[in-house]
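Reading through the structure tokens given below for one structure.
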Amino acid sequence: MQRRDLLKSMVAACLSSAVPNIALSTSALAWKNWSGNQRCVPSARIAPQNLADLQTWLRNNQGKMRSVGSGHSFTALVPTDHTLISTSYIRGVTQAVDKIMQADIAAGTQLSSVGPALNEMGQAMINMPDVDRQTLAGAISTATHGTGRALQCLSAYTTEIELLTAKGELLTCNNDTNHDVFKAAQVGLGTIGLITRIRMQNREPFKLRRLARWHKYEEGLAQAEAFSKAHRNFEFYVIPFTGMILSDALDETDEAVTAREEFDGNNGLMDLKLARDYLGWSNEFRELVLGTYMKTLSDETNIDHSHQIYATERNVRFNEMEYHLPVENGLKALDEIKRLIESQFQQVFFPFECRFVKADDCWLSPFYKRDSISIAVHRYFEEDHSPLFAAIEPIFQKYGGRPHWGKLNTFTPEQCANAYERWEDFKQVRQALDPDDQLLNPYLKTMLKA
């Protein structure tokens, strides 16, 4: 019997017992992000074919604008009534410097394309997130991260950033040239300028061995700290209303690539929704059924090249809140959030994702100067996320959390000033490069002009 059929049978049994060279649109063409929670109707949308065309347009433009990547942010970073700029044509891995394992990557390149291109050049990204549809510029602009106790967010692996200011001035920024602009642009929220090229610090290609294991909740939580130190990459998922944790550990290996026979996460999510829909009237019964089902699932192992193993397909849409907490506080906050959700939000079925990230020195990185545990809580995109997120956010903040820039939160400018010691420095650099605030939309103006 297939696993999904087994679960369905168990649920049923329970129920029975109970411009030229610029792609240009000047007509009103609506935009929305991946989940659909952010929308706008910009007055114009442009997609320059290359850097020169983008620079020419900027030099002749006096209005406001926002840049857009793949639309994977849930916060209001993109929406604008003015011009929306896509750098989707400015893409590709353009140059590799093998001696120091660095490569130049165009801003509009999706992460899913970076790995294969680098592999052909004898390089690999040091780490990657578990979603690879973002553009590289969008990913670093929001401090997108993977997991690994000794591994930093993507922004920390940038060694040089090329950008165009709102007036069309081309700047090359690194630790030696335009240093402060570089530190601000590493996590710039699209407010410093339009990034056109990013030089990334990479390494030689490598393979990873994945081990996915199921644990009882108390046991998995107690072992999480040790597992995070024992494995190159380690994350885990708390499955609400099951009493179970799924851990995912990756380690380097020289073993041969194996067939990938993983548990389908998208089918698994819909199975959890099915159980919620039919068994949500009893937390105890729901946990009994789902916990019993999950105990039938075996550990899973596969081996693949690094760029092939990090990412997973995310076809079930959701809205998300993610906070990054001091590593010593993360597991306490997680346990408190789990208990609150299971007592007050029986409609939740998405797992909570927990990852480990090393400290860095990027000015607006949530990991600035502190090792962190990231906790992400999701709500199905067709359901109202507001009550859930309003209930858990005070817990995140009580334990010193900083929100992911691309995930839903209510952080204020005052809270940002307290959380980021270079906040005022960032604002000064930004204002000098964009004195007319052409790169700000209403949300960012509220955050950066208060």
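Taking the stretch 159-182 on its own, how many of its residues are crowded, with 24+ Cβ neighbours inside 10 Å and not in a strand (DSSP E or B)?
Of the residues in that region, 1 qualify.
Quick one: which residue in 334, 364 is aliphatic (A, V, I, L, M) and closer than 30 Å to residue 280 by Cα?
Matching residue, one of 334, 364: 334.
Is it the case that residue 340 is outside any strand (DSSP E or B) and surrounded by fewer than 22 Cβ atoms within 10 Å (Cβ to Cβ)?
Answer is yes for this residue.
Of the residues in the stretch 241-280, how many are part of a loop (DSSP other than H, G, I, E, B) and either modelled with pLDDT of 90 or more or among the aliphatic types (A, V, I, L, M) (or both)?
Within the stretch 241-280, residues that are part of a loop (DSSP other than H, G, I, E, B) and either modelled with pLDDT of 90 or more or among the aliphatic types (A, V, I, L, M) (or both) number 9.
How about the stretch 112-145: which of its residues are out of contact with any His (no Cβ under 9 Å at 6 or more places or on another chain) and not hydroxyl-bearing (Ser, Thr, Tyr)?
117, 120, 121, 122, 123, 126, 130, 136, 137, 140
Condition first: on the phi > 0 side of the Ramachandran plot and out of contact with any helix residue (DSSP H, G or I) (no Cβ under 7 Å at 6 or more places or on another chain). Now tell me which residues in the stretch 93-131 satisfy that.
Within the stretch 93-131, 101 is the sole residue that qualifies.
For the stretch 291-311, give me each residue that is in contact with a helix residue (DSSP H, G or I) (Cβ under 6 Å, 6 or more places away or on another chain) and at pLDDT below 90.
Within the stretch 291-311, 293 is the sole residue that qualifies.
Anything in the stretch 393-404 that is buried (at least 21 other Cβ atoms within 10 Å of the Cβ) and hydrophobic (A, V, I, L, M, F, W, C)? List them, or say none.
396
So if I check each of 350, 381, 356, which one is farther than 24 Å from residue 180 by Cα, in contact with a strand residue (DSSP E or B) (Cβ under 7 Å, 6 or more places away or on another chain) and surrounded by fewer than 20 Cβ atoms within 10 Å (Cβ to Cβ)?
After ruling out the rest, the residue left standing is 381.
Condition check ((1) under 26 Å from residue 33 (Cβ atoms); (2) at pLDDT below 95; (3) out of contact with any Gly (no Cβ under 7 Å at 6 or more places or on another chain); (4) in a helix (DSSP H, G or I)) across all residues:
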{"residue": "58", "(1), (2), (3), (4)": "yes, no, no, yes"}
{"residue": "99", "(1), (2), (3), (4)": "no, yes, yes, yes"}
{"residue": "108", "(1), (2), (3), (4)": "yes, no, yes, no"}
{"residue": "132", "(1), (2), (3), (4)": "yes, yes, yes, no"}
{"residue": "137", "(1), (2), (3), (4)": "yes, no, no, yes"}
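Working only within the stretch 90-118, note down all residues that are more than 22 Å from the chain's Cα centre (by Cα) and either surrounded by fewer than 17 Cβ atoms within 10 Å (Cβ to Cβ) or under 22 Å from residue 54 (Cα atoms) (or both).
94, 95, 97, 98, 99, 100
Taking the stretch 67-116, which residues are assigned by TED's automatic domain parsing to the domain that holds residue 194, out of contact with any strand residue (DSSP E or B) (no Cβ under 7 Å at 6 or more places or on another chain) and of a type in the set (Gly, Ala, Ser)?
Across the stretch 67-116, the qualifying residues are 112, 113.
Report yes if residue 408 is closer than 29 Å to residue 380 by Cβ and surrounded by 19 or more Cβ atoms within 10 Å (Cβ to Cβ), otherwise no.
yes
Please verify whether the stretch 333-352 includes one or more residues that are touching a Gly at 6+ places or on another chain (Cβ under 8 Å) and among the polar types (S, T, N, Q).
Within the stretch 333-352, one or more residues are touching a Gly at 6+ places or on another chain (Cβ under 8 Å) and among the polar types (S, T, N, Q).
Applying the selection to the stretch 249-303, what residues are more than 18 Å from residue 342 (Cβ to Cβ) and either among the polar types (S, T, N, Q) or in contact with a Cys (Cβ under 9 Å, 6 or more places away or on another chain) (or both)?
The answer is 253, 258, 266, 267, 296, 298, 301, 302.
Tell me, yes or no, whether the stretch 353-364 has at least one residue that is under 23 Å from residue 72 (Cβ atoms), of a type outside the set (A, V, I, L, M, F, W, C) and in contact with a Lys or Arg (Cβ under 6 Å, 6 or more places away or on another chain).
For the stretch 353-364, residues under 23 Å from residue 72 (Cβ atoms), of a type outside the set (A, V, I, L, M, F, W, C) and in contact with a Lys or Arg (Cβ under 6 Å, 6 or more places away or on another chain): absent.
Confirm whether residue 134 is touching a helix residue (DSSP H, G or I) at 6+ places or on another chain (Cβ under 7 Å), outside the structural domain of residue 43 (by TED's automatic domain parsing) and closer than 24 Å to residue 310 by Cβ.
yes
The values are calculated or read from the model by the stated rules, or taken from the named source; none is laboratory data. The structure presented is a predicted model; accordingly, all values stated were derived computationally and were not measured. Heads up, the Cβs are rebuilt from the backbone with ideal geometry, glycines too, and the neighbour counts pull from every protein chain shown.
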